[in-house]
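> Take a look at this one; I'll ask things after.
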Amino acid sequence: MLATNVWVAGYELDVVARRGGVVVFCEVKSKTGERFGDPLEMVDAEKQRRIRRAAEAWLARRPELGGLAVRFDVIVVRGRRLEAIRQAF
């Protein structure tokens, strides 16, 4: 784990982790009920753009990670279940 709930470039990164040669930026979304739709729907094109922008700014401050691959995942919390969507965007 490299960082959690960090604000960069005006946007929040929920989880930043490293596994081997990959830096993973993970967005975590949950909802308590189905009334307002699925949590995954909240990670729309605009949200993805914001996360990418924050990730670029975060990585720019850490040149030692420059040669690593980057992946964007989403963790969806549905009640008591977790679903991981790798390389979601």
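Each value in this text was obtained by applying a stated rule to the coordinates, not by laboratory testing. Predicted model only: the values in this text are computed from it and were never measured. Every residue, glycine among them, receives a Cβ derived from its backbone with ideal geometry; neighbour counts consider all protein chains shown.
> Calculate the dipole size of the chain relative to its Cα centre from +1 charges on Lys and Arg beta carbons and -1 charges on Asp and Glu beta carbons; express the result in debye to the nearest 20.
It comes to approximately 160 debye.
> Using Stokes-Einstein with the Kirkwood hydrodynamic radius over Cα pairs, what translational diffusion coefficient do you get for the chain at 25 °C and a viscosity of 0.890 mPa s, in µm²/s rounded to a whole number? The partial results should precede the final answer.
On the way: Rh = 13.6 Å.
It diffuses with D of about 181 µm²/s by this estimate.
> Of the candidates Phe36, Phe72, Phe25, which one comes out as most mobile in a Gaussian network treatment of the chain with C-alpha springs shorter than 10 Å?
Phe36
> Right, something else. Quick one: angle between helix 45-60 and the longest Cα principal axis of the chain, in degrees between 0 and 90, rounded to 10, please.
Helix 45-60 sits at roughly 30 degrees to that axis.
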